[in-house]
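First the structure, in the form of structure tokens, and then the observations on it.
The values are calculated or read from the model by the stated rules, or taken from the named source; none is laboratory data. This structure is a prediction, so every number in the text was calculated from the model and none was measured. Using ideal geometry, Cβ is built from the backbone for each residue, glycine included, and neighbour counts are taken over all protein chains shown.
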Amino acid sequence: MADMLVKLYDLPELQALLKTFKDRGILIRTALAYEKYDVIEWVRNSFGKQWASECDVAFSHQPVSCFIATESGKIIGFSCYDSTHKNFFGPIGVAGEKRGHGIGRALLLSCLCAMAANGYAYAIIGGADPSDFYAKTVRATIIEGSSPGIYSDQLTNQVSQPLLTRA
């Protein structure tokens with residue numbers, strides 16, 4: 001999977017999308033420090049230990065660089081930025097039964113808008129899959145020659161699982 005580049009100064013509107021979800025009972029918001037272990041456990045159980053490790057890093061930032069989607073007090077999705085590397089978006093994941101309803105889009109835009117507010121002009125989506133989702137949602141473009149990029153496993157000398165496969 002190649003990396004992708006996003007212009008953060010040219011993002012789609014976020015606030016109306018968040019209000020639509022809120023009206024449907026789904027909240028998309030920054031995770032709070034005291035929720036760390038619940039969020040990381042959910043990510044580990046839903047997507048594995050690598051993503052849980054990256055989510056853990058997001059909780060070390062102030063403000064926390066992890067967003068969550070909740071419905072009826074239960075986590076149904078998450079997204080992070082500045083976890084793998086500075087200026088990188090990801091990982092992102094939505095519960096299987098909740099996919100296809102725009103939650104991943106809202107989580108993606110929440111992170112990218114936060115990155116823009118933090119002063120970034122561009123963001124890198126590492127190991128982007130499915131790339132068409134990112135191209136359609138935020139007009140992300142492929143960074144040529146970026147596969148496997150940073151995702152080669154330094155411990156085993158192999159390519160590790162891409163981070164963004166379940167949006």
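Being more than 15 Å from the chain's Cα centre (by Cα), farther than 23 Å from LYS19 by Cβ and surrounded by fewer than 21 Cβ atoms within 10 Å (Cβ to Cβ) is the requirement here; does GLU41 meet it?
Against the criterion (more than 15 Å from the chain's Cα centre (by Cα), farther than 23 Å from LYS19 by Cβ and surrounded by fewer than 21 Cβ atoms within 10 Å (Cβ to Cβ)), GLU41 qualifies.
Residues to consider are ALA52, ALA2; find the one that is surrounded by fewer than 21 Cβ atoms within 10 Å (Cβ to Cβ) and in a loop (DSSP other than H, G, I, E, B).
Only one candidate passes the filter, namely ALA2.
Which of (1) modelled with pLDDT of 95 or more; (2) part of a helix (DSSP H, G or I) does ALA69 not meet, given it meets every other one?
Going through the list (1) modelled with pLDDT of 95 or more; (2) part of a helix (DSSP H, G or I), ALA69 breaks only (2).
Could you identify the single residue in SER65, SER53, SER60 that is of a type in the set (Gly, Ala, Ser) and under 13 Å from MET115 (Cβ atoms)?
Only one candidate qualifies: SER65.
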